[in-house]
Ligand SMILES: Nc1ncnc2c1ncn2[C@@H]1O[C@H](COP(=O)(O)OP(=O)(O)OP(=O)(O)O)[C@@H](O)[C@H]1O
Ligand SMILES: [Mg+2]
């Protein structure tokens, strides 16, 4: 267990099983892991920051040393402001490596004391990205197994407003049928 706080920054739009895999691994090696949502990464995100926070809150409720936060601007400044000593990042494929290496070295230049730690997800999640999940869901494809069930529901609600109504009716159905029988 590494003492102090590490931050796991990202846009989490939406959180995927890959993110959760990394959060679980990170929470085992750091005393505290702060999952930090970057507030303005995309001009038109699919989920608002509040929605992403809410999803992550439910998904990490059982991990006692995981805390959630949001930030804007330079990640190293944010890390300094909460006294984090490490940054956790995930590496999926070679394609991630180039960008992540650049970021890690730039961040080291900006703040030499902040260490970047990379972790690999379980191989079954090594191709999962939020962008891919958004694209598949938007095209009506299944995202089962790529995101937690909660996120699957939120995606359906977001993309098919009728779904929420339909779901509410289903939950309501037995009660209403019961009333009818009594009448
Ligand atoms: N499946 C995954 N396995 C391991 N690390 C991941 C996975 N998905 C995301 N990460 C890592 O999580 C961090 C935050 O990523 P981010 O929020 O950009 O997710 P993303 O899936 O890359 O989203 P987008 O496709 O919108 O860029 C990054 O370090 C990224 O490499
Ligand atoms: Mg990304």
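The values are calculated or read from the model by the stated rules, or taken from the named source; none is laboratory data. What you are looking at is a predicted structure, and each value in this text was computed from that prediction instead of being measured. Cβ sites come from the backbone with ideal geometry, for glycine too, and all protein chains shown count toward neighbours.
Identify the single condition in (1) within 16 Å of ligand 2 (Cβ to nearest atom); (2) part of a helix (DSSP H, G or I); (3) in contact (Cβ under 8 Å) with a residue 12 or more places away in the chain that residue 89 does not satisfy, given that it satisfies every other one.
(2)
Does the stretch 154-171 contain at least one residue that is within 13 Å of ligand 1 (Cβ to nearest atom), assigned to a helix (DSSP H, G or I) and at pLDDT 95 or above?
Here is the first cut: in the stretch 154-171, the residues within 13 Å of ligand 1 (Cβ to nearest atom) are none.
No, every residue in the stretch 154-171 fails to be within 13 Å of ligand 1 (Cβ to nearest atom), assigned to a helix (DSSP H, G or I) and at pLDDT 95 or above.
Considering only residues that are exposed (fewer than 12 other Cβ atoms within 10 Å of the Cβ) and either closer than 20 Å to residue 12 by Cα or touching a strand residue (DSSP E or B) at 6+ places or on another chain (Cβ under 9 Å) (or both), which ones fall in the stretch 82-104?
Just the residues of the stretch 82-104 that are exposed (fewer than 12 other Cβ atoms within 10 Å of the Cβ), to begin with: 83, 93-95, 98-99, 102.
Correct list: 83, 93, 95, 99.
If I go through the stretch 8-51 residue by residue, how many of them are more than 12 Å from ligand 1 (Cβ to nearest atom), crowded, with 19+ Cβ neighbours inside 10 Å and either at positive phi or assigned to a loop (DSSP other than H, G, I, E, B) (or both)?
Result for the stretch 8-51: 0.
As an exercise: evaluate residue 126 against (1) more than 30 Å from residue 85 (Cα to Cα); (2) within 16 Å of ligand 1 (Cβ to nearest atom); (3) at pLDDT below 95 and give the number of the one condition it does not meet.
(1)
Inside the stretch 1-18, can you point out the residues that are free of Cβ contacts under 8 Å to residues at least 60 places away in the same chain and within 13 Å of ligand 2 (Cβ to nearest atom)?
The one that is free of Cβ contacts under 8 Å to residues at least 60 places away in the same chain and within 13 Å of ligand 2 (Cβ to nearest atom): 10.
Do you know which of the residues in the stretch 130-148 that are over 15 Å from residue 12 (Cα atoms) and part of a loop (DSSP other than H, G, I, E, B) is farthest from ligand 1 (Cβ to nearest atom)? Spell out the reasoning first.
Start the filter on the stretch 130-148 by keeping residues that are over 15 Å from residue 12 (Cα atoms), which leaves 136-145.
From the residues that got through so far, the ones that are part of a loop (DSSP other than H, G, I, E, B) too are 139-143, 145.
Numbers: 139: 15, 140: 19, 141: 16, 142: 17, 143: 13, 145: 12 Å.
Per the stated criteria, the residue is 140.
Restricting to the stretch 57-81, name every residue that is in a helix (DSSP H, G or I), touching a helix residue (DSSP H, G or I) at 6+ places or on another chain (Cβ under 9 Å) and surrounded by 15 or more Cβ atoms within 10 Å (Cβ to Cβ). Write out each step before concluding.
Keep residues of the stretch 57-81 that are in a helix (DSSP H, G or I), which gives 57-59, 75-81.
From what's left, touching a helix residue (DSSP H, G or I) at 6+ places or on another chain (Cβ under 9 Å): 58-59, 75-77, 79.
Scanning the stretch 57-81 gives 59, 75, 76, 79.
In the list 22, 53, 59, 38, which residue meets the criterion of being under 17 Å from residue 151 (Cα atoms), under 14 Å from the mean Cα position of the chain (by Cα) and within 16 Å of ligand 2 (Cβ to nearest atom)?
22
Quick check on my filter: what residues within the stretch 106-123 are surrounded by fewer than 16 Cβ atoms within 10 Å (Cβ to Cβ), within 15 Å of ligand 1 (Cβ to nearest atom) and either part of a loop (DSSP other than H, G, I, E, B) or without any contact (Cβ under 8 Å) to a residue 24 or more places away in the chain (or both)?
106, 120, 122, 123
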